[in-house]
Amino acid sequence: MSSRPDMPPKDPMTGELIVPMRLQRFLARSGVASRRGSEDLMTAGRVRVNGVVVTELGSKVDPSRDVVEVDGRRVSLNEQPAYIMLNKPAGYLTTMSDPQGRPCVASLIPAERYPGLFPVGRLDKDTTGLLLFTTDGDLGQALLHPRHHVSKTYIALVDGTMSDRELNPLRQGITLDDGPCQPARCRLLEADEARAVAPKGIPRGTTAVEVIIREGRKNQVKRMLSRVHHPVVRLHRERFGPLVLTDVRQGSWRPLTDAEVKALKQAPQGGAASSRNATRTKQTRKDRA
Ligand code: URA
């Protein structure tokens, strides 16, 4: 352990640099508590490093060597990739920081506990629903790769009374300003399937539609529906590849279950492209955010 913030020392045996990190950061990254909560644990004398109680907030540890305990229990850094499902509310930008200080999704997820979390794809500021985050860069890239874009299911409330026939151009592959879209799967929804966008029932003069696309072009669903003269009033994402938005309240997150992570890893190879074989898993309350 070192409390000097200058050059990292070298291991006398191997000559390798010992890269220290602040103890409160180590605790936060280990999932013990937030950075602030970790500081409180330290000042309360509940944290030991190599058997010695450490209360000084500037103290540093070498994660590869020092033994850190909280209330006598060993803690270590999260090395496994993290996979998290956020139920995004409206009003948040899909970005990890905004220079203009606008609300962004980073404030809704455990970014301190899992450094390196990033959103897989994006939802517009006013779009709600399932947004996946991971620290697994390879999987994130694979899921977004144009060659094997996974399917995404949206529920839209659109302006105007729409007939099923009016969805045909979307089914055939509608052309937008930036080129033709792949054929989408779409259908009109009854009120009980559209609660995410119309909790009190489908208002008169609007229609609820399900749209399933594999691409991820900017504002794609809104542009597709505007193109057939039914602008989107509300948009919600219900599924992302094999994942279904279940067991997570709006504005909250939960870790994916092992089954969901497994299904997700198979998704870029073509698994779970249809909404029928989506993974629906129950979680206990304690697993949730
Ligand atoms: N399509 C849109 O138009 N907006 C989104 O947020 C997602 C898909």
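The values are calculated or read from the model by the stated rules, or taken from the named source; none is laboratory data. Small disclaimer: the values here were computed from a predicted structure and weren't measured. For neighbour counting, all protein chains shown are included, and Cβ atoms are generated from backbone atoms with ideal geometry for every residue, glycine included. These accessible areas exclude ligands, DNA and RNA; they are computed on the full protein's heavy atoms, side chains included. Shrake-Rupley method; radii C 1.70, N 1.55, O 1.52, S 1.80 Å.
Extension gain for ASP126 to ASP98 (0.36 nm times residue separation, less C-alpha to C-alpha distance): 8.5 nm. Within the assembled protein chains, the solvent-accessible surface assigned to ASP258 is about 130 Å², based on a 1.4 Å probe. Maximal additional length on extending the GLN250-LEU57 stretch stands at 66.0 nm, based on 0.36 nm per residue less the C-alpha distance.
Remark: spin-label model distance GLN182-ASP258 equals 3.2 nm, labels positioned 7 Å along the Cα→Cβ axis.
Per-peptide packing, taken as the mean over residues of other Cβ atoms within 10 Å, places 158-171, 228-241 in the sequence 228-241, 158-171 from highest down.
The alpha carbon gyration tensor of the range 108-165 gives principal lengths a ≥ b ≥ c with a/c of 1.5 or higher and a/b no greater than b/c, which makes the shape oblate. Highest mean packing comes first when the peptides 177-186, 126-135 are listed by Cβ atoms within 10 Å, giving 126-135, 177-186. Highest-first packing order for the peptide set 114-121, 144-151, 199-206, 84-91 is 84-91, 114-121, 144-151, 199-206, based on the mean count of other beta carbon atoms within 10 Å. Here's how it looks for THR206: its modeled amide H is under 5 Å from those of GLY160, which are all 5 or more places away or on a different chain.
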